[in-house]
Amino acid sequence: METQLRQAQQALGRTTMELELYKKRDLFQPAAEEVVKLSAELAGNHPVTMICRVMGISRSAFYQAKDRQEDPRGACTPQCKD
């Protein structure tokens, strides 16, 4: 009985987190860059996997956008400057 209660509480917690994310989502499909900004605001409260699923982007798109924001030069190496 305690195991079932714990599982129900975990499911309720996940659902509550997803609901909070849906409330933050606009009516349009956000760009990966917007999801990266949102995840920074929610850091520590929601896992990236859940944020991506609720926002409708893949984790790979999320991390590519995050890498682009961290390195504004993109994938340009010293050789591409020539």
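The values are calculated or read from the model by the stated rules, or taken from the named source; none is laboratory data. Keep in mind that this is a model prediction, so the values were computed, not measured. All Cβ positions, glycine included, derive from the backbone under ideal geometry; neighbour counts span all protein chains shown.
Scanning the stretch 52-63 for residues that are closer than 11 Å to Glu34 by Cβ and of a type in the set (A, V, I, L, M) yields Met55, Ile57. Quick one: in the stretch 51-67, of everything that is exposed (fewer than 15 other Cβ atoms within 10 Å of the Cβ) and at pLDDT below 85, which residue is nearest to Leu19 (Cα to Cα)? Looking at residues that are exposed (fewer than 15 other Cβ atoms within 10 Å of the Cβ) and at pLDDT below 85, I get Arg53. Within the stretch 18-33, the set of residues being modelled with pLDDT under 80 and either surrounded by 13 or more Cβ atoms within 10 Å (Cβ to Cβ) or outside any loop (DSSP other than H, G, I, E, B) (or both) comprises Glu18, Leu19, Glu20, Leu21, Tyr22, Lys23, Lys24, Arg25, Pro30, Ala31.
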